[in-house]
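Data first, discussion second: the structure below is written as C-alpha cells.
The values are calculated or read from the model by the stated rules, or taken from the named source; none is laboratory data. Every value quoted in this text rests on a predicted model; they were computed, and no experiment measured them. Counting neighbours? That spans all protein chains shown, and the Cβs are built from the backbone with ideal geometry, glycine included.
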Amino acid sequence: MPSFVYTAYTDEGEKKTGSLTAVNERDAVNVLTGKGLYPIEVAPEKPRVGFGVRRVKGQTMAVFYGQLAGLLRSGVPLLRSIAVLRDQATNETLRRVLADVYQHVEDGASLADAMVRFPQAFSEMAVNMVRAGGEGGFLEEALERVARFTEQQEDLKAQTVGALAYPVFLATVGTAIIAALIVFFVPRFEELFADLRARGELPVFTEALLGFSSFVKSNGWWAAPLLVGAIVWLWNWSKTPSGRVMVDYWRIRMPLLGVIFKNLAVARFCRVLGTLLRNGVPILRSLEISRDASGNRILASAIERASENISSGESLATPLKKSGHFPPSVVEMISVAEESNSLDRVLVEIADNLERQTGRRLELAVRLLEPILLLVLAGCVLVVVIALLIPVIKMSSTI
C-alpha cells in the first residue's frame with residue numbers, strides 16, 4: 001500500500017505529524033480518525049530522492065534481486081529475507097535503503113510500495129515488475145527476471161564504455177600534445193625566422209602557424225575561460241527540455257555512431273516492454289515505463305503516439321513505422337507478434353538480436369575510430385613539423 005504523510009491535532013489541541021500506509025487518502029483519513037486524531041492535511045509521501053542516499057550501482061542491485069529471489073524460492077519469508085540481505089549488505093547506501101524497506105513491509109506495505117520510495121536504488125521498471133509479481137503470485141520469478149535484465153543492461157553499458165575508453169584517452173592525450181606544441185614549442189622558432197620574415201621570404205604556411213601560436217599564447221588568458229564557459233553553457237543547455245530533444249536527435253543522426261545509439265535505445269525499449277508484458281503489467285503502463293527507459297526523447301515521442309493509438313484500439317507497429325526511427329525489421333516482427341499474440345516473447349528476442357548486432361557494430365566502429373584518430377593526430381603534428389622545417393631547409397640552402 002502507498003504511504004501518506006499527515007498533519008493532525010489531538011483532542012487537547014496538540015499537533016501531530018507522521019506517516020502511515022493506507023489504500024488511499026480517504027482510508028488514511030479514516031485510520032487517523034479512528035485513532036482519535038483530527039487530520040488537517042493528508043498527502044502521498046514523495047519518493048525519498050534525498051536523505052543523503054546516493055544512487056546504487058546497477059550491478060549491486062542485480063546481485064540483490066538475484067539473492068532475494070533465491071531466498072524466497074528456498075522458502076524464507078519475505079521479511080526475514082530482507083533482514084538477511086540488509087545485514088550482509090556491504091554497500092552502506094543499500095543497507096540504509098533495505099532498513100527502511102524492511103520497516104515499511106513490517107508495517108503492512110507491499111514490497112513494491114516500499115521500494116518505490118527509493119528511485120536511487122529501485123528503477124521504475126523493477127518496482128512495476130515486483131508489483132505485478134506480488135499481485136500475481138510469481139514474485140520470485142519476477143525478481144529473477146529483474147536481476148537478469150539489470151545484469152544484461154550493466155554488461156552492455158560496461159562493454160560500450162570499455163570500447164570507447166581508449167579512443168577518448170587517445171583524443172585527450174593527442175589534443176594536449178598538440179596544444180603544448182603550439183603554445184611552448186612553436187614560439188621558440190619566431191626569433192630564428194626573424195630575418196626571413198623581414199625579407200618577406202617566410203612561407204605563408206609558416207607565417208600562419210606562427211601567427212596562430214602567438215594569438216593562442218597572447219590571448220589564452222581570456223580564450224580558455226571563454227571556451228570553458230561555452231562548454232558549461234552547452235552542457236546546461238543540453239539538460240533543458242529543448243536541448244535534450246536536440247541532442248537526442250543528433251545522437252541518432254550522426255554518422256557512424258548514430259545507428260549504434262539508435263539501436264541501443266530501441267533494444268532498451270523492446271527489452272523493458274517485453275519483460276513488463278511477460279510479468280503481467282498492462283500494456284499502456286508498460287509503454288509508459290519503456291518509453292522513458294529508451295533514454296531518447298525522439299523515440300519516446302514516437303512511443304507516446306503509439307500509446308495513443310493503442311488506447312484507440314489500433315496496433316503498436318503502425319505508429320512506430322510511421323515515425324521512421326525504428327528499423328523496418330523490428331516493426332515487421334512487432335506486427336507479426338501482435339497478430340500471433342506473442343508480443344512479450346518477440347520483443348525480448350528483438351532486444352537480444354539488436355544488442356548482438358550493436359555489439360558487432362560498436363566493435364567495428366571502435367576499430368575504425370582508433371586509426372582515424374591516430375591519422376588525424378599524426379597529421380596535425382606533421383603539419384606543425386613541415387611548417388617549421390620548410391624555412392629551416394630554405395635557410396640551409398641559402399647558406
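Condition test on Val366, is it in the same structural domain as Leu156 (by TED's automatic domain parsing), under 30 Å from the mean Cα position of the chain (by Cα) and β-branched (Val, Ile, Thr)? So Val366 fits the description; yes.
Cβ separations smaller than 8 Å between residues 6+ apart or across chains give the following pairs from segment 318-329 residues that are free of Cβ contacts under 8 Å to residues at least 60 places away in the same chain and on the phi < 0 side of the Ramachandran plot to residues that are hydrophobic (A, V, I, L, M, F, W, C) and part of a loop (DSSP other than H, G, I, E, B): Leu320/Phe326.
Of all the residues in segment 239-288, those that are hydrophobic (A, V, I, L, M, F, W, C), over 19 Å from Leu354 (Cα atoms) and surrounded by fewer than 19 Cβ atoms within 10 Å (Cβ to Cβ) number 6.
Where in segment 145-254 are the helices (runs of 4 or more DSSP H), entirely inside, with at least 3 residues that are within 30 Å of Phe326 (Cβ to Cβ)?
On the way: elements: 194-198, 204-238, 241-253.
In segment 145-254, 204-238, 241-253 are the helices (runs of 4 or more DSSP H) which contain 3 or more residues that are within 30 Å of Phe326 (Cβ to Cβ).
The set of residues in segment 113-147 being in contact with a Gly (Cβ under 6 Å, 6 or more places away or on another chain) and modelled with pLDDT of 80 or more consists of Leu139, Ala142, Ala147.
Residue check: Thr160 meets all listed conditions (1) surrounded by 16 or more Cβ atoms within 10 Å (Cβ to Cβ); (2) without any contact (Cβ under 8 Å) to a residue 60 or more places away in the chain but one, namely (2). Among the residues of segment 312-330, those that are closer than 16 Å to Ser290 by Cβ and either of a type outside the set (A, V, I, L, M, F, W, C) or part of a helix (DSSP H, G or I) (or both) comprise Ala317, Pro319, Leu320, Ser323, His325, Val330. When the residues of segment 238-263 are filtered to those that are at pLDDT 85 or above and among the aromatic types (Phe, Trp, Tyr), the one that is nearest to Arg367 (Cα to Cα) is Trp250.
Quickly run through segment 163-196 and pick out the residues that are closer than 30 Å to Gln357 by Cα and exposed (fewer than 13 other Cβ atoms within 10 Å of the Cβ). Steps first, answer last, please.
Initially, segment 163-196 is screened for residues closer than 30 Å to Gln357 by Cα, giving 163-172.
Ala165, Val168, Phe169, Thr172, listed by residue number.
Condition first: in contact with a helix residue (DSSP H, G or I) (Cβ under 7 Å, 6 or more places away or on another chain) and either under 23 Å from Glu141 (Cβ atoms) or surrounded by fewer than 19 Cβ atoms within 10 Å (Cβ to Cβ) (or both). Can you find one or more residues in segment 226-238 that meet it? The answer is yes, given that some residue of segment 226-238 is in contact with a helix residue (DSSP H, G or I) (Cβ under 7 Å, 6 or more places away or on another chain) and either under 23 Å from Glu141 (Cβ atoms) or surrounded by fewer than 19 Cβ atoms within 10 Å (Cβ to Cβ) (or both). Taking first residues from segment 352-367 that are closer than 11 Å to Gln159 by Cβ and partners that are polar (S, T, N, Q) and part of a helix (DSSP H, G or I), the Cβ contacts under 7 Å between residues at least 6 apart in sequence or on separate chains come to Thr358/Asn263; Gly359/Gln159; Leu362/Thr160. Restrict the check to segment 177-184 and report whether at least one residue is under 17 Å from Ile390 (Cα atoms), among the small types (Gly, Ala, Ser) and modelled with pLDDT of 80 or more. Taking every residue of segment 177-184 in turn, none turns out to be under 17 Å from Ile390 (Cα atoms), among the small types (Gly, Ala, Ser) and modelled with pLDDT of 80 or more. Do the conditions hold for Phe149, that is, is it in the same structural domain as Leu389 (by TED's automatic domain parsing), touching a Pro at 6+ places or on another chain (Cβ under 7 Å), aromatic (Phe, Trp, Tyr) and crowded, with 16+ Cβ neighbours inside 10 Å? Answer is no for this residue.
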